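J.: A single structure is presented below for examination.
The values are calculated or read from the model by the stated rules, or taken from the named source; none is laboratory data. What you see is a predicted model, and the numbers here were worked out from it, not measured in a lab. Backbone-built Cβ (ideal geometry, glycine too); neighbour counts: all protein chains shown. Protein only, heavy atoms only, side chains kept; ligands, DNA and RNA dropped before computing areas. Shrake-Rupley method; radii C 1.70, N 1.55, O 1.52, S 1.80 Å.
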Amino acid sequence: MTQTVAVLGTGKIGEALLSGMIRAGWRAAQLLVTTRRADRAEELRARYGVETVTNAEAAKRADILILAVKPQDMGRLLDELSPHVTADRLVISAAAGITTTFIEERLTAGTPVVRVMPNTPVLVDEGMSVISAGGHATPEHLAHAEAIFGGVGKTLRVPESQQDAATALSGSGPAYFYFLVEAMTDAGILLGLPRAQAHDLIVQAAIGAAVMLRDSGEHPVKLREAVTSPAGTTISAIRELENHGVRAALIAALEAARDRSRELATGNG
């Protein structure tokens with residue numbers, strides 16, 4: 001933890017990484033942040049004691065640059081950074097759909113780039129960040145990225161060719177669960193439960209099921225079968241889910257998310 005790290009675009013994800021690094025032992029003096037708004041800059045200075053700088057200044061001073069801007073803003077940011085980024089810097093991108101090649105072509109030849117797809121549970125230190133190496137990134141560079149993103153959850157290395165699939169499954173994944181909880185809450189109300197009670201029942205069921213999946217090592221089919229008694233309530237519900245094509249709808253939804261990630265990579269924002 002001797003490097004200087006700059007977080008460029010300190011929105012929710014960027015701030016989550018910033019706070020995670022501080023909890024993991026990074027000193028505020030090692031951290032730089034950039035943001036568009038003066039009031040946001042003042043907020044980050046007051047909350048974390050970090051220095052706020054321009055993008056150009058961050059590129060000149062930091063050893064590691066974390067690009068946490070929206071995909072549609074990446075090209076403009078790289079144009080701003082390119083005169084100041086030398087090949088001894090490590091550039092980490094957390095923008096969905098943006099390839100390492102897209103970034104490498106706009107920076108000094110040989111600049112190491114690591115692509116990371118985090119998801120929003122990094123805000124509560126339960127994120128999953130999928131990490132891929134660009135053409136010039138070494139295992140040491142990947143380890144640096146893991147040290148940063150590991151402070152806010154788990155990390156997984158994959159070939160970059162799998163990043164669009166990982167974005168569909170993990171990056172967008174929390175939204176699917178929120179959608180499911182919303183629908184189940186509405187069902188609970190329809191069945192006569194107050195909204196707050198329906199919500200609490202479903203959330204705790206989701207937490208318990210997730211912990212069992214994580215800690216038991218059992219296949220989800222086996223865990224589901226353990227709840228499914230012959231001619232019981234659960235199998236009646238599962239039959240209706242299958243009759244309405246929920247499994248096929250989920251597969252189609254993830255394919256659509258993957259395809260959109262690919263579109264973002266080609267600049268069709």
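J.: If you go through the range 225-250 one residue at a time, how many are open to solvent by 100 Å² or more (accessible area, probe 1.4 Å) and in a helix (DSSP H, G or I)?
T.: Pass one, the range 225-250, residues open to solvent by 100 Å² or more (accessible area, probe 1.4 Å): 225, 230-231, 233, 239, 243-244, 247.
Those still in the list that are in a helix (DSSP H, G or I) too: 225, 233, 239, 243, 247.
Within the range 225-250, residues that are open to solvent by 100 Å² or more (accessible area, probe 1.4 Å) and in a helix (DSSP H, G or I) number 5.
J.: Scan the range 109-130 for residues that are of a type in the set (A, V, I, L, M), in contact with a strand residue (DSSP E or B) (Cβ under 9 Å, 6 or more places away or on another chain), open to solvent by 10 Å² or more (accessible area, probe 1.4 Å) and part of a helix (DSSP H, G or I) and jot them down. Walk me through it before giving the result.
T.: Pass one, the range 109-130, residues of a type in the set (A, V, I, L, M): 109, 113-114, 116-117, 122-124, 128, 130.
Imposing the further condition that a residue be in contact with a strand residue (DSSP E or B) (Cβ under 9 Å, 6 or more places away or on another chain) reduces the set to 113-114, 116-117, 122, 124, 128, 130.
The next check asks that each one be open to solvent by 10 Å² or more (accessible area, probe 1.4 Å); those that pass are 117, 124, 128.
Across the range 109-130, the qualifying residue is only VAL124.
Yes/no matrix, rows are residues, columns are (1) within 29 Å of the chain's Cα centre (by Cα); (2) aromatic (Phe, Trp, Tyr); (3) on the phi > 0 side of the Ramachandran plot; (4) modelled with pLDDT of 95 or more:
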| residue | (1), (2), (3), (4) |
| --- | --- |
| SER172 | yes, no, no, no |
| MET184 | yes, no, no, yes |
| ILE202 | yes, no, no, yes |
| VAL211 | yes, no, no, yes |
| ASP215 | yes, no, no, yes |
| ALA226 | no, no, no, yes |
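J.: Among the residues of the range 79-108, what is the count of those that are part of a loop (DSSP other than H, G, I, E, B), open to solvent by less than 30 Å² (accessible area, probe 1.4 Å) and β-branched (Val, Ile, Thr)?
T.: Residues meeting the conditions: 2.
J.: Scanning for something touching a residue at least 60 places away in the same chain (Cβ under 8 Å), in a helix (DSSP H, G or I), among the aromatic types (Phe, Trp, Tyr) and open to solvent by 50 Å² or more (accessible area, probe 1.4 Å), does the range 149-171 turn up at least one residue?
T.: Within the range 149-171 (the criterion being touching a residue at least 60 places away in the same chain (Cβ under 8 Å), in a helix (DSSP H, G or I), among the aromatic types (Phe, Trp, Tyr) and open to solvent by 50 Å² or more (accessible area, probe 1.4 Å)), the answer is no, since none of the residues qualifies.
J.: When you go through (1) farther than 30 Å from GLY173 by Cα; (2) in contact (Cβ under 8 Å) with a residue 40 or more places away in the chain; (3) surrounded by fewer than 17 Cβ atoms within 10 Å (Cβ to Cβ) one by one for ALA24, which number turns out not to apply?
T.: It is condition (1) that ALA24 fails.
J.: Only one of (1) assigned to a helix (DSSP H, G or I); (2) under 21 Å from LEU142 (Cβ atoms) is not met by ILE66, so which one is it?
T.: (1) is the only condition that ILE66 fails.
J.: For ARG76, work out the one condition from (1) assigned to a loop (DSSP other than H, G, I, E, B); (2) under 24 Å from GLU105 (Cα atoms); (3) open to solvent by 60 Å² or more (accessible area, probe 1.4 Å) it doesn't fulfil.
T.: ARG76 satisfies all of (1) assigned to a loop (DSSP other than H, G, I, E, B); (2) under 24 Å from GLU105 (Cα atoms); (3) open to solvent by 60 Å² or more (accessible area, probe 1.4 Å) except (1).
J.: While we're here: Consider only pairs whose beta carbons are under 9 Å apart and that are at least six residues apart or on different chains; among these, list those whose first residue lies in the range 75-87 and is over 18 Å from GLY135 (Cα atoms) and in contact (Cβ under 8 Å) with a residue 24 or more places away in the chain and whose second residue is assigned to a loop (DSSP other than H, G, I, E, B) and of a type in the set (S, T, N, Q).
T.: From residues that are over 18 Å from GLY135 (Cα atoms) and in contact (Cβ under 8 Å) with a residue 24 or more places away in the chain, the pairs are GLU80/THR54.
J.: Quick one: in the range 61-73, of everything that is surrounded by 15 or more Cβ atoms within 10 Å (Cβ to Cβ) and at pLDDT 95 or above, which residue is farthest from MET117 (Cα to Cα)?
T.: Taking the candidates together, the pick is ALA62.
J.: Say we look at the range 131-148 and pick out the residues that are of a type outside the set (Ser, Thr, Tyr) and either assigned to a strand (DSSP E or B) or touching a residue at least 60 places away in the same chain (Cβ under 8 Å) (or both); which of these is nearest to LYS12 (Cα to Cα)?
T.: Let us first name the residues in the range 131-148 that are of a type outside the set (Ser, Thr, Tyr), namely 131, 133-137, 139-148.
Within this subset, residues satisfying the condition of being either assigned to a strand (DSSP E or B) or touching a residue at least 60 places away in the same chain (Cβ under 8 Å) (or both) are 131, 133, 144, 147-148.
Values: ILE131: 19, ALA133: 24, HIS144: 21, ALA147: 19, ILE148: 16 Å.
That would be ILE148.
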